[in-house]
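The values are calculated or read from the model by the stated rules, or taken from the named source; none is laboratory data. If you're wondering where the values come from, they're calculated on a predicted model, not measured in any experiment. As a convention, Cβ positions derive from the backbone with ideal geometry for all residues, glycine included, and neighbour counts pool all protein chains shown.
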Amino acid sequence: MPTPPLLLASSSPYRHELLTRLGIGFRTVNPAVDETPQDGETPEHLAIRLARAKARSVANDHGGSVVIGSDQVATRGGSPIGKPGNHEAARQQLLESSDQKVTFYTGVCVVDTVRGLQEHHLDQTRVHFRSLHSDEIERYLEAERPYDCAGAFKAEGLGISLFWRVSNEDPTALHGLPLIWLASALRRAGYAIP
């Protein structure tokens with residue numbers, strides 16, 4: 001029996017690139033989800049809630065498919081860190097992260113509309129920044145321009161040089177999609193991986 005179409009509920013080029021690593025066909029659909037945090041919502045709950053909402057948003061319009069939703073929330077000292085959007089905001093984020101720990105909560109949800117099943121997972125990654133000097137930050141920002149990345153870095157590139165340690169169970173979670181758990185979930189849904 002053929003596997004149902006696989007959909008990634010995301011417009012993120014980073015998640016798209018990650019999912020291609022699993023070697024299965026899929027297409028992306030941009031989910032219609034309000035990402036505003038709810039009053040008193042923890043970062044962990046927000047990441048899972050948005051991952052579920054994105055998957056369900058696309059699943060509601062694409063019956064007969066399996067849908068992947070994911071979201072990531074970054075925090076430093078308990079306060080959320082968003083995408084900087086520009087050079088000045090990125091510089092400020094990195095200055096504030098110097099010699100600090102930033103925690104990333106990455107939620108992922110798989111909705112199987114054929115079998116009527118839903119699974120979710122939360123990965124936690126701790127990024128420990130080394131002491132950063134202003135000239136290092138400027139060189140880094142000029143080299144990678146990570147303005148669309150929460151925390152103002154790209155760990156898959158030169159951003160890794162900003163850290164002294166990364167702690168997690170799945171290295172792909174920091175990039176936005178925990179592939180170790182996802183591969184297992186997709187195998188349970190009938191996909192041949194690898």
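Name every residue in the stretch 172-188 that is in contact (Cβ under 8 Å) with a residue 24 or more places away in the chain and in a helix (DSSP H, G or I), in order of residue number.
Initial filter on the stretch 172-188 (in contact (Cβ under 8 Å) with a residue 24 or more places away in the chain): 172-179, 181-183, 185-186, 188.
Residues satisfying the conditions are 173, 174, 175, 179, 181, 182, 183, 185, 186, 188.
Tally the residues that are over 24 Å from residue 67 (Cβ atoms) and under 18 Å from the mean Cα position of the chain (by Cα), restricting the search to the stretch 129-148.
Just the residues of the stretch 129-148 that are over 24 Å from residue 67 (Cβ atoms), to begin with: 129-147.
Then keep just the ones that are under 18 Å from the mean Cα position of the chain (by Cα); that gives 146-147.
Total satisfying the criteria: 2.
Given the condition assigned to a loop (DSSP other than H, G, I, E, B), in contact with a strand residue (DSSP E or B) (Cβ under 8 Å, 6 or more places away or on another chain) and within 21 Å of residue 17 (Cβ to Cβ), answer yes or no: does some residue in the stretch 141-151 qualify? Talk me through it step by step, then tell me what you get.
As a first pass, look at the stretch 141-151 and keep what is assigned to a loop (DSSP other than H, G, I, E, B): 145-151.
This time we only want the ones that are in contact with a strand residue (DSSP E or B) (Cβ under 8 Å, 6 or more places away or on another chain), so: 150-151.
From the residues that got through so far, the ones that are within 21 Å of residue 17 (Cβ to Cβ) too are 150-151.
Looking through the stretch 141-151, at least one residue is assigned to a loop (DSSP other than H, G, I, E, B), in contact with a strand residue (DSSP E or B) (Cβ under 8 Å, 6 or more places away or on another chain) and within 21 Å of residue 17 (Cβ to Cβ).
Cβ-Cβ below 8 Å, separation at least six or inter-chain, first residue in the stretch 145-171 and free of Cβ contacts under 8 Å to residues at least 40 places away in the same chain and basic (Lys, Arg), second in a loop (DSSP other than H, G, I, E, B) and buried (at least 16 other Cβ atoms within 10 Å of the Cβ): which pairs?
154/146
Hey, could you check the stretch 57-78 for residues that are of a type in the set (D, E, K, R) and touching a strand residue (DSSP E or B) at 6+ places or on another chain (Cβ under 6 Å) and say which is surrounded by the most Cβ atoms within 10 Å (Cβ to Cβ)?
Of the residues in the stretch 57-78, the ones of a type in the set (D, E, K, R) are 61, 71, 76.
Next cut, touching a strand residue (DSSP E or B) at 6+ places or on another chain (Cβ under 6 Å) only: 71, 76.
Details: 71: 27, 76: 17.
Checked the stretch 57-78; the qualifying residue surrounded by the most Cβ atoms within 10 Å (Cβ to Cβ) is 71.
Which residue, of 54, 83, is within 26 Å of residue 181 (Cα to Cα), modelled with pLDDT under 95 and of a type in the set (Lys, Arg)?
Residue meeting the stated conditions: 83.
Would you confirm whether any residue within the stretch 79-88 is in a strand (DSSP E or B), surrounded by fewer than 22 Cβ atoms within 10 Å (Cβ to Cβ) and without any contact (Cβ under 8 Å) to a residue 60 or more places away in the chain?
Residues of the stretch 79-88 that are in a strand (DSSP E or B), as a first pass: 79-81.
Now narrow it down to the ones that are surrounded by fewer than 22 Cβ atoms within 10 Å (Cβ to Cβ): 79-81.
From what is left, the residues that are without any contact (Cβ under 8 Å) to a residue 60 or more places away in the chain are 79-80.
Yes - at least one qualifying residue is present in the stretch 79-88.
Any residue that is at pLDDT 95 or above, touching a helix residue (DSSP H, G or I) at 6+ places or on another chain (Cβ under 6 Å) and of a type in the set (Gly, Ala, Ser) - is there at least one of those in the stretch 35-48?
no
Is there a residue in the stretch 183-192 that is crowded, with 20+ Cβ neighbours inside 10 Å, among the charged types (D, E, K, R), under 27 Å from residue 7 (Cβ atoms) and modelled with pLDDT of 95 or more?
No, every residue in the stretch 183-192 fails to be crowded, with 20+ Cβ neighbours inside 10 Å, among the charged types (D, E, K, R), under 27 Å from residue 7 (Cβ atoms) and modelled with pLDDT of 95 or more.
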